[in-house]
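Working notes for the structure below.
The values are calculated or read from the model by the stated rules, or taken from the named source; none is laboratory data. Owing to the predicted nature of the structure, the values given are computational and were not obtained by experimental measurement. Heads up, the Cβs are rebuilt from the backbone with ideal geometry, glycines too, and the neighbour counts pull from every protein chain shown.
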């Protein structure tokens with residue numbers, strides 16, 4: 001794994017306007033992503049975790065500009081993705097791909113599997129002719145554990161796990177360097193989740209891939225990630241190497257999340273941390289630290305000033321006034 005960042009995200013923001021009235025004027029904004037920053041080294045897997053609605057998927061889509069960010073920088077190999085024109089962005093998409101959460105909704109039901117995978121090859125002019133593209137499709141299907149004859153079938157003929165393998169094959173078709181995995185196993189049975197995660201790990205080693213692995217299940221992220229970033233209400237609360245984060249969480253929100261993860265050994269007891277209140281609305285987020293209304297160790301200045309990410313130990317970054 002290289003230490004040089006393949007992807008650097010700096011102060012990324014995405015605010016969705018809410019309109020109302022006869023003239024449909026903007027009356028409020030949803031602060032979905034509110035100043036997110038992190039790096040991903042080449043060959044690394046960064047897990048991005050947090051509760052539903054915290055802005056994880058929006059962050060991933062803003063990086064690819066499937067959603068236009070409201071501000072900040074997304075540097076891929078030193079090039080700011082947010083400033084690229086349409087033609088340059090299309091060329092860059094060869095290097096940056098996504099695996100979507102829902103394998104039932106992300107595949108066109110009117111196209112065969114061969115057509116779904118082959119579309120990317122045609123768009124990027126990969127393969128001199130139809131025979132060469134079909135050979136590449138067969139190779140991709142076999143790479144993800146499917147049979148060559150599956151290319152003639154339609155998505156509805158496959159199980160959820162098989163459909164997600166098709167989605168992975170589609171992402172691999174253009175030989176990307178970075179793949180954003182947007183909750184790729186959350187819609188699958190637990191037994192199938194392990195198979196897909198093992199496949200992703202094998203593919204990473206084989207093709208030197210870099211992953212941003214988005215999930216809400218901390219136990220899933222633990223096994224695949226080199227480092228983990230924890231999000232809450234549009235902001236990053238903590239970033240640390242995977243083992244360090246699970247063994248020594250510094251942010252009170254991370255501690256609460258980890259306390260809810262089941263332990264398979266009944267002899268080990270873990271004290272459950274129950275947070276008070278509900279997650280505030282992203283339309284009107286709290287001042288200062290977004291977590292302060294629910295934080296058990298919050299102090300007065302936590303409500304007045306937003307903490308910055310600070311390195312408390314090598315590679316361990318925390319956004320907290322009290323523990324930072």
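Counting residues that are modelled with pLDDT of 95 or more, surrounded by fewer than 19 Cβ atoms within 10 Å (Cβ to Cβ) and not assigned by TED's automatic domain parsing to the domain that holds residue 233, which helices (runs of 4 or more DSSP H) fully inside the stretch 46-145 reach at least 3? Before you say what the answer is, go through the steps one by one.
Numbers: elements: 56-64, 86-92, 113-123, 130-143.
Passing ranges, in order: 130-143.
Sort through 212, 199 and tell me the only one that's over 24 Å from residue 66 (Cα atoms) and either in the same structural domain as residue 244 (by TED's automatic domain parsing) or part of a loop (DSSP other than H, G, I, E, B) (or both). Steps first, answer last, please.
Working: 212 fails: over 24 Å from residue 66 (Cα atoms).
Answer to the check: 199.
The set of residues in the stretch 232-249 being out of contact with any helix residue (DSSP H, G or I) (no Cβ under 7 Å at 6 or more places or on another chain) and closer than 20 Å to residue 279 by Cα consists of 233, 234, 235, 236. Of the residues making up the stretch 287-295, not a single one is touching a residue at least 60 places away in the same chain (Cβ under 8 Å) and not in a loop (DSSP other than H, G, I, E, B). Remark: residue 168 matches the filter, which requires a residue to be outside the structural domain of residue 221 (by TED's automatic domain parsing) and under 20 Å from the mean Cα position of the chain (by Cα).
Kindly establish whether residue 42 is touching a residue at least 60 places away in the same chain (Cβ under 8 Å) and either within 27 Å of residue 197 (Cβ to Cβ) or within 14 Å of the chain's Cα centre (by Cα) (or both).
yes
Can you tell me which residue in the stretch 276-309 is surrounded by the fewest Cβ atoms within 10 Å (Cβ to Cβ), limited to those that are closer than 30 Å to residue 5 by Cβ and touching a strand residue (DSSP E or B) at 6+ places or on another chain (Cβ under 6 Å)? Among those that are closer than 30 Å to residue 5 by Cβ and touching a strand residue (DSSP E or B) at 6+ places or on another chain (Cβ under 6 Å), it is 285. All conditions but one from (1) in a helix (DSSP H, G or I); (2) touching a strand residue (DSSP E or B) at 6+ places or on another chain (Cβ under 6 Å); (3) closer than 30 Å to residue 309 by Cα apply to residue 229; the one that does not is (1).
As a summary of the residue check, residue 273 satisfies the conditions (1) touching a strand residue (DSSP E or B) at 6+ places or on another chain (Cβ under 8 Å); (2) without any contact (Cβ under 8 Å) to a residue 60 or more places away in the chain except for the one numbered (1). So, residue 176, is that one buried (at least 18 other Cβ atoms within 10 Å of the Cβ), modelled with pLDDT under 95, touching a strand residue (DSSP E or B) at 6+ places or on another chain (Cβ under 9 Å) and under 21 Å from residue 44 (Cα atoms) or not? So residue 176 does not fit the description; no.
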